[in-house]
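Participant: Mind having a look at this structure? Questions to follow.
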Amino acid sequence: MAGTKLVGQDYTTPDLIAKVTGKAKYAEDFRAEGMLFAKLLLSPMPHARVVRIDTSAADAMPGVKAILTEKDLPGAQAGLTLGENVRATAITERGLTMEPLYEGEPILAVAAVDELTAAEAIERIVVEFEPLPFVVDPIESLKPGGPNARTTGNVWARPPATAAPQGRGNQAAAAAPTAAGSAPAAPGQGTAAPAAGSTPPETRAAAAPAPPAPPPPEVRELKWRTEDFAAAGDGQLPLGEATDGWTVGDLEAGFKAADLVLDETFVNQSTSHQPLETRSAMAYWQNGKLYLHGSTQSTVQTVSNVARWVGIKPEELVLISEYTGGGFGSKIPGAISMAIPALLSKKAGAPVMMRISREEEHYIGRARQGVHSRVKVGFRKDGRITALDLFVVGDNGPYDAQGDFRGVGDWVSLDYQPMAMRWRGVTVLTNTPPRTAQRAPGGLQANALMEPVLTKAAKKLNIDQVEIRRVNAPVGKALYGPPAGGKQRYVTSSFMKEALDKGAELFNWEERKARSGKRQGSKVRGAGVAISSFNAGSTGFDGLFVIKPDGRIQFQSGVGNHGTHSMFDVHRVAAEMLDVPWEKCDVVFGDTGKHLPWTCVSAGSQTTHAMTRAAHAAATDAIQKLQEIASKTLGGSPERYRVEGERVVGGGRSMTLAQAAQKAIALGGKYDGHEVPADVNAFTKQSAAALAGQGLLAVAKDSYKRDGNSVSHVAAFAEVEVDVETGQLTILEATAVSDVGTVMNPRSLQGQTFGGLMLGIGHAIGQRWVYDQHYGVPLAKRFHYNKPPTLLDKPMEMKFAALNIPDPETPVGARGIGEAPVGAGAGAILNAIAAAVGDEVFRRMPVTPDVILAALEAGKPAHEPLTTHI
Amino acid sequence: MEDTTTAASPGNVARRTFIKGVIAAGAAVSSASYLFRSATVVGQQASPGGPGSVERLITLNVNGQNRPVDVMKQETLAMTLRYKLGLTGTKLGCDRAECGACTVLIDEVPHYACSVLTHTVRGKKVVTIEGLAAADGTLHPVQQGVVEQQGFQCAFCMPGFVMATVGFLKTNPNPTRQELAHGVSGNLCRCQDYDKILTALSRGAELMRGA
């Protein structure tokens, strides 16, 4: 891709004026005639059975129009994509429940003439609960006699009779390619979507020979032995039974070859996604169709999920989501709560708005899977990792099996390239809000675990911090992850070493290193470096646009608009190829009534990669059609024509794109969309049929080959200042270098990189849940107690560079960036803190002033070593 | 004073036991959050002349226009703007003065509209994001700064940030980057696009000085 006019240039996205003038409409900004308001009744207990509901007093209220309970919902929707390759099982979440599995889970909903009446009706409804055993800490649940989060057990595991590896080190585990997923969907086809996560479905599909489909996982009981707990050292994670695992290389030989062995435990907190826009939604029915105004990361790929949650066919739904106020993984396929206003509206025969408050968002708004990890790492004198033995316990929440605990293994294996590695893990059910992928799921946890270990090793081995990361960095088509089908998978390209070198130069690493750890008054500075990688692209989706008879191009976009800018960037590839100025391009998005193509979920950092490929394919289709039209109109062979300056030109003759579009309509057939390629998705075919006859219709599926998985890489540096008397932390500077292939939009690439870094920094310095373990109730439910970083937490200086080396496995050379920076952001801050005040300060995130002060006083980490949510 | 009460004493029923007992007996569950009411229903009849009663039909000056509106006494300015006056540019991110998404100007001073009772702004001038641009569509310098620098990502926080900046610049027209950061630090951006936001708002300040 040789473009330079549009690709790689800053520009203003076409939605910005609407946003900055307040005209942009998010879900809660829509109104409908006679609109009712819904309120939820939330469980006051972490686990209970509803034995009686008495709604008579509410029913008698004149303003109450409908009440919705679990029995009004369709049955459990097994097979739904829940994000990060997690598939719903038969005991999946349904939106309302008679057995609440966490405090705050919705029991029922009321629609009334206004919100006050709905809230009053909720107050008048009597619900009788039978309390059930509960647990909010995965380690507590694994203790002998510990409570189970569900009546059927406390861990997700495959049935023991067939496959499941029960003992530690069981090699049979290696054959199971995925966690809890069902059979992988063909990428880009059907209703199943490749989503954010550590194991893209296409990877699994490509693993040959394909192992027989493993039996579906189920909930069972697992307790570790008293001896397991006794054997764990002070503050170390016990190494009890795992439910899954894999090994690559000779672990024993690796440890024998090591000059230094470290054995470290680290605790990653669970964190709410906290999009600033909650998952409010408004619904009404018209002519048998459901019109839903919701907040989703993905437009077209939300349709099938909402249809199944509501119990209708996909074609009976029109989804409107023009602007989404953030998602970060929590709204990948929309939200299950969307079904509530939809079904209330049907029952009441009127539009229903359900506004979700910030506190309700804490409960139903999803969260990252916290993990407890223990890693034993063998290092050679030069810093090279010879062996790595990793054990991860995931805090799964109450519903379907999450993948972060597994992703930790995959991303550790890629970023630090151990010569031999074993991963073992178990994901434990808890009575806490449901989990899903959050920006770099498993990746953040992997880097937060490993980065302080590398820092400690470099100090012991007297190696430079940048050097120890260079020595272990992935290079080129680096291998990683479990040996599925006997072979590990690999990335399309990696220039992590180059990113480290560039960052060291930009950050002035040598100078800052020299002053690191030196105290001035009560303040001491520290400089740190960290790396991270994450998935950055999928394949197989469709491009669709129309060259209109007036010469303008109308691009159809099915991704969600949650502000990543990539949803517009990708169409500039096609505009560039057709040599049409951006001012003559329009992008249609945000409404499935507007004939959108089948596109990737706007998650997993997929859009830039997946949809530039689709745009390239569609533009190639357009060029071929333009050449043929010119040939038919002006004579000569199609090959003699080229497209430039908004014209089709060749052999001294030319016609404008407008003329060609008019001719396309006259010709019909494939030229104006009445015939479409057989290989595009059914969703795209339907949209193309609706657009047929409006101009020259370009439509094609991305069938470009790709060897490897598209993964982006980031190196980050940070300098902090710690006041050892108050524990206060100031981040003086952060520098990041991204290896994302070809740069599409420099300003937004920098913004995304910094945004990702900041999300990681938030985990390192402040965000957490706090639970009353005795009662199983959360105490930090709002921004005030669970605060994401503010402008004052931001590093005072931020520097950025991109390597801009094209990815060799995609025609445009571009990959995504949303998630790759997150782990490096957290790691760089943790390492900078360690450089300032020492390695023996923290063994968990966040590192708050009280953690620093207590450790400095005690001379060792003084926080509770394993308790979660403190 | 040392607490000598033992767990067995009658005055100290374990809280857990107590809660379980109450719940098992069938307690009503509270979920009060955003409340508003356009009509009077169920025992909440307006009591004219009663204690604490206020005139419901009032006139507000919003974006330079006088707008008559029916307002409950407990109604917040954010709800009036969004649900009575159709000004949905003012966003609700938390409804508890934690995030700043609902920031508007009241007599040129930034306020969280979620935490201001509508009745208290009678006789004052309210400006929302919809009231910044000129009638011909010319953007306010702060808005122009955002457009020039492609500030913000999802932009749900943007109206609040822009209003907070306009208010801050009225009293601090020439801030350093750090001073501006402090000035608008009561606004949260969850995309964490802070660096670019600050660049955009600084550009807005620059344009405003030149205007």
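Participant: Looking only at the protein assembly as shown, where both bridge partners belong to it, what percent of the DSSP beta bridges are antiparallel (to the nearest 5)?
Facilitator: Working: 117 of 148 bridges.
Bridges in the protein assembly as shown that DSSP calls antiparallel: roughly 80 percent.
Participant: With an 8 Å cut-off on Cα pairs and a minimum separation of 6 or more residues, tell me the relative contact order of chain A in percent. Mind showing how you got there, number by number?
Facilitator: Details: 2397 pairs, mean separation 131.4, N = 870.
Taking the mean separation of contacting Cα pairs over the length of chain A, I get 15 percent.
Participant: Where Lys and Arg each count +1 and Asp and Glu each count -1, what net charge lies around A:E840 among other residues with Cβ under 14 Å from its Cβ? List each step's numbers first, then the result.
Facilitator: Details: positive: A:K456, A:K459, A:K460, A:R843, A:R844, A:K860; negative: A:D234, A:E264, A:D839, A:E857.
That works out to +2.
Participant: Another question, if that's okay. Can you give the extra length, in nm with one decimal, that the chain gains between A:Y785 and A:E857 once fully stretched, where that is 0.36 nm per residue apart less the Cα-Cα distance?
Facilitator: Working: separation 72, 0.36 × 72 = 25.92 nm, distance 2.56 nm.
So the extension gain works out to 23.4 nm.
Participant: Can you figure out the FRET efficiency of A:D259 with B:L117, using R₀ = 51 Å and their beta-carbon distance, to the nearest 0.05? Walk me through the intermediate numbers first.
Facilitator: Values: r = 69 Å, r/R0 = 1.35.
After rounding to 0.05, the efficiency reads 0.15.
Participant: With +1 on the Cβ of every Lys and Arg and -1 on the Cβ of every Asp and Glu, and nothing else charged, how large is the dipole of the range B:94-210 about its Cα centre, in debye rounded to the nearest 20? Could the numbers behind the result be given before it?
Facilitator: Details: 10 positive and 11 negative charges, 39 e Å.
It comes to approximately 180 debye.
Participant: Sort out for me the Cα centre separation of the range A:120-140 from the range A:393-456, rounded to whole Å.
Facilitator: 30 Å
Participant: Add -39500 (n - 2.57) for each DSSP H run of 4 or more in the protein assembly as shown, then divide by its residues: what number comes out at 222 nm, to the nearest 500 deg cm²/dmol? Write down the numbers at each step before the final one.
Facilitator: Values: 27 runs with 294 residues, N = 1081.
That calculation yields -8000 deg cm²/dmol at 222 nm.
Participant: Ok, one more. Before anything else, pin down the relative contact order of the range B:57-131: Cα pairs under 8 Å, at least 6 apart, normalised by residue count, whole percent. Could the numbers behind the result be given before it?
Facilitator: Numbers: 144 pairs, mean separation 29.0, N = 75.
Normalised by residue count, the contact order of the range B:57-131 is 39 percent.
Participant: First check a/c for chain A, with a ≥ b ≥ c the square roots of the eigenvalues of its C-alpha gyration tensor; if it is under 1.5, answer rounded, and if not, answer prolate when a/b is larger than b/c or oblate otherwise.
Facilitator: Working: a/c = 1.69, a/b = 1.18, b/c = 1.44.
Oblate.
Participant: Also, I was wondering about something else. Treating only the Cβ atoms of Lys and Arg (+1) and Asp and Glu (-1) as charged, compute the dipole magnitude of the protein assembly as shown about its Cα centre; round to the nearest 20 debye. Working shown, then result.
Facilitator: On the way: 109 positive and 108 negative charges, 201 e Å.
Its charge dipole is roughly 960 debye.
Participant: Highest mean first, what order results for A:17-30, A:592-605 on Cβ atoms within 10 Å?
Facilitator: A:592-605, A:17-30
Participant: Something else now. Once you average over the residues of A:785-793, how many Cβ atoms of partner chains fall within 10 Å of each Cβ?
Facilitator: Values: counts 1, 0, 3, 5, 5, 11, 18, 5, 3.
For this peptide, the per-residue mean of nearby foreign Cβ atoms is 6.
Participant: Take each of the peptides A:379-385, A:532-538, B:158-164, A:104-110, average the number of other beta-carbon atoms within 10 Å over its residues, and list them starting from the highest.
Facilitator: A:532-538, B:158-164, A:104-110, A:379-385
Participant: Hey, another quick one. Hydropathy first: keep DSSP H helices in chain A averaging at least 1.0 on Kyte-Doolittle, then drop any whose Cα extent along the axis falls short of 18 Å, and list what survives. Before the final figure, lay out each step's value.
Facilitator: Details: long enough: A:443-461 (26 Å, 0.19); A:607-634 (38 Å, -0.15); A:746-765 (28 Å, 0.35); A:821-837 (24 Å, 1.62).
Result, helices passing both filters: A:821-837.
Participant: Next question. Work out the mean other chain Cβ neighbour count within 10 Å for the residues of B:105-112 and drop it here as an integer.
Facilitator: Taking all residues of B:105-112 together, the mean is 0.
Participant: At a Förster radius of 45 Å, what calculated FRET efficiency corresponds to the Cβ-Cβ distance of A:D850 and B:A211, to the nearest 0.05? Kindly include the intermediate steps, with their values, before the conclusion.
Facilitator: Values: r = 47 Å, r/R0 = 1.04.
The pair A:D850/B:A211 has a calculated efficiency of 0.45.
Participant: Still on this structure: Please report how far the C-alpha centroid of the range A:1-57 lies from that of the range B:111-181, rounded to the nearest whole angstrom.
Facilitator: 22 Å
Participant: On a straight-distance basis, which aspartates and glutamates could pair with B:K196 in a cross-link, Cα separation under 19 angstrom, same-chain partners fewer than 8 positions away excluded?
Facilitator: Excluding near neighbours in sequence, the set is A:D10, A:D15, A:D569, A:E733, A:D793, A:E797, A:E819, B:E148, B:E179, B:E206.
Participant: Follow-up. Find which of A:Q269, A:A339, A:G288 sits farthest along the positive direction of the dipole of the range A:236-351, computed with +1 on the beta-carbon of Lys and Arg, -1 on that of Asp and Glu, about the Cα centre.
Facilitator: A:G288
Participant: Per-residue Cβ counts within 10 Å, from other chains only, averaged over B:140-151: what number is that?
Facilitator: Details: counts 2, 0, 1, 6, 1, 1, 5, 7, 2, 4, 10, 5.
Neighbouring Cβ atoms belonging to other protein chains average 4 per residue here.
Participant: Going by average Cβ neighbours within 10 Å, how do the peptides A:784-792, A:763-771 rank, with the highest at the top? List each step's numbers first, then the result.
Facilitator: Details: A:784-792: 18.4, A:763-771: 22.8.
Listed from highest to lowest mean packing, they are A:763-771, A:784-792.
Participant: Still on this structure, please answer the following. In the structure shown, do any of A:K223/A:K460; A:K143/A:K787; A:K256/A:K518; A:K331/A:K548; A:K223/A:K381; A:K460/A:K497 have a Cα-Cα gap over 30 Å, and if so which?
Facilitator: Working: A:K223/A:K460 37 Å; A:K143/A:K787 32 Å; A:K256/A:K518 37 Å; A:K331/A:K548 34 Å; A:K223/A:K381 39 Å; A:K460/A:K497 22 Å.
From A:K223/A:K460; A:K143/A:K787; A:K256/A:K518; A:K331/A:K548; A:K223/A:K381; A:K460/A:K497, over 30 Å: A:K223/A:K460; A:K143/A:K787; A:K256/A:K518; A:K331/A:K548; A:K223/A:K381.
Participant: Placing +1 at every Lys and Arg Cβ and -1 at every Asp and Glu Cβ, with all other atoms neutral, what dipole size does the range A:381-523 have around its Cα centre, in debye to the nearest 20?
Facilitator: Numbers: 23 positive and 15 negative charges, 84 e Å.
In total the dipole reaches around 400 debye.
Participant: Relative contact order for the range A:511-581: what percent, with Cα pairs under 8 Å and sequence separation of 6 or more?
Facilitator: Numbers: 36 pairs, mean separation 9.5, N = 71.
Worked out over the range A:511-581, it gives 13 percent.
Participant: To the nearest Å, what is the center-to-center distance of the range A:526-598 and the range A:304-372, using C-alpha atoms only?
Facilitator: Centre-to-centre (Cα) distance: 24 Å.
Quick note: the coordinates plus some simple rules give every number you see, no bench work behind them. These numbers come from a predicted model, not from an experiment. Here Cβ is always computed from backbone atoms with ideal geometry, including for glycine, and neighbour counts include all displayed protein chains.
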